Structure formats: structure tokens, C-alpha cells
Amino acid sequence: MQPGTHFVFGDHDTHGFVASSTASMSAHLAHWYLEREQFEPVPEEPGLYRLSEPERDGPRRTRQAVHDLRRQGYTVQADIRLDPSLSAGPPRPVRPNGLQERRSRLAQAAAGRTTQRATPPTTSPPSARPIPPKPTYAPTVHLTASGSGRSR
């Protein structure tokens, strides 16, 4: 182990993916970081942490924890298969989700003509509404006064 190493990651026969901190790292700070990276303390071995749910993509999650801690500025030693700088992760399975077909449709649509940027149609401007002709007669309005009302 190199001097100044803060964390060590590896495989354990019983506990799966494990991590521990060294003496150059305070125990409570190491506990805080490892819990955030989804490692839990192993009850029978103080200072040892195991990855919770290792069957759920354990190698990738452990490599991610190594990467995150290094990005925070800590010196991390890890087994070759758990070191993201030394090992490539396994190829991810390609799931048929229609993404390639959707991208192809989007590319075709982007390359095609659109009505939003097309030149406006060449039509004459809308004409004004015609004004109806004036009547030739003067309309008369007959007002009748009622005898029972008040005058205005």
C-alpha cells in the first residue's frame, strides 16, 4: 500500500465488494463518505465496509465509488478489476428501446422541409368589407306617448 493512501477497495470471499479506510483518514469522515457511496459497516469487523446489494451491478458501483473518492482528492487503492483507471467496465447490454429508430426519424425530420420556415403563399391581401349602400329613403321612427307615465 502506498503511503498517504486514504481508502482501499477490494473483493472479500464472505462480504463481496469491500472498502476500508487507512490511518491517514479519520474514521468518522471515512464512515460518512463510504455510506454516501452505498457501503455499510460490517458488524463483526470494525473499519470494514461492504457494498449494499452487491448483486445489483456491484463492480460498476464499486468502480464509481473509487472514481468519486479520487475526484474528491483522496488517494484510493483498488483491485485491478475495481479500479476505473485500469479496467474497462463490461460492455453494457443493448436494450431494444426504439432509441435508434427515434433518432433516425428525428434526423429525417430535421433534414426535411418545414412549413414554419417556408415562404408565405403569394395571395392578394384580404380586401376590405364592402360598405352597404345608403338607403334612398329616410327611415321614420314613430314614438308613441303613453298617457299614464311621467314625463321626462
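If each of Asp13 and Leu86 carries a label point 7 Å out from its Cα toward its Cβ, how far apart are those two points in nm? About 2.2 nm separates the two model spin labels. For the Cα trace of region 7-82, dividing Rg by the Kirkwood Rh returns an Rg/Rh value of 0.91.
Modelled spin labels at Glu101 and Leu143, positioned 7 Å past Cα toward Cβ, are 7.8 nm from each other. Extension gain, Leu29 to Val42: 0.36 nm times the residue separation minus the Cα-Cα distance gives 3.0 nm. Using θ = phi - 60° in the Karplus curve 6.51 cos²θ - 1.76 cosθ + 1.60, the 3J(HN,Hα) couplings for region 56-69 round to 8, 6, x, x, 5, 5, 5, 4, 5, 5, 4, 4, 4, 5 Hz; x is entered for Gly and Pro.
Where a number appears in this text, it was derived from the coordinates with a stated rule and is not lab data. Since we're looking at a predicted model, the values are computed, not measured. Counting neighbours? That spans all protein chains shown, and the Cβs are built from the backbone with ideal geometry, glycine included.
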